[in-house]
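Derivation of every value follows stated rules applied to the coordinates shown; laboratory data play no part. Nothing here was measured: the structure is a model prediction, and the numbers come from that model. Here Cβ is always computed from backbone atoms with ideal geometry, including for glycine, and neighbour counts include all displayed protein chains.
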Amino acid sequence: QVQLVESGGGLVQPGGSLRLSCAASGSIFSIGAMGWYRQAPGKERESVAAITSGGSTNYADSVKGRFTISRDNAKNTVYLQMNSLKSEDTAVYYCNGDLTSSSGSHYYTAHYWGQGTQVTVSS
């Protein structure tokens with residue numbers, strides 16, 4: 001079963017850091033453009049960061065200079081390094097992106113979402 005699984009969330013104090021991981025599993029040939037979204041209670045889901053297959057990145061203004069998205073194609077994994085965390089960063093963080101799966105000589109690309117991981121920034 002092809003899927004994305006996030007990990008690394010938890011409770012951290014303001015000013016602290018966390019690194020989220022998003023690993024693609026299953027018969028994966030390659031990962032394409034990937035990104036992170038987050039959703040806080042009572043708010044709409046918002047894009048946090050994105051990374052293209054070539055490594056180009058984009059960030060929401062609210063996290064620029066604090067968050068870094070990266071990818072390790074050999075591990076079929078994307079990361080979100082979060083530094084200088086604020087209470088406003090508290091949310092469920094979701095990984096999403098295009099995964100190309102293989103079955104014999106056949107390949108199929110589809111968009112997937114992870115189940116989400118909770119990040120809570122509190123003293």
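Over all directions, average the projected area of the Cα convex hull of the chain and note it in nm².
If I average the Cα hull's projected area over directions, I get 7.4 nm².
Please list, in order along region 29-39, the HN-Hα scalar couplings obtained from phi with the Karplus expression 6.51 cos²θ - 1.76 cosθ + 1.60 (θ = phi - 60°), rounded to whole Hz, x for Gly and Pro.
Along region 29-39, the couplings run 8, 6, 9, x, 4, 10, x, 10, 10, 9, 9 Hz.
Under 27 Å Cα-Cα from Lys75, which lysines qualify once same-chain neighbours fewer than 8 residues away are excluded?
Lys75 reaches Lys64.
Per Stokes-Einstein, at 20 °C and 1.002 mPa s, what whole-number D in µm² s⁻¹ belongs to region 9-61, with the Kirkwood radius over Cα pairs as the hydrodynamic radius?
The Stokes-Einstein estimate is 158 µm²/s.
Mind checking which of His106, Gly16, Asn73 is farthest towards the positive end of the chain's charge dipole, using Cβ charges of +1 (Lys, Arg) and -1 (Asp, Glu) about the Cα centre?
Projecting each Cα onto the dipole axis, the largest value belongs to Gly16.
Please work out the C-alpha center-to-center distance from region 20-74 to region 1-19 and express it in whole Å.
12 Å
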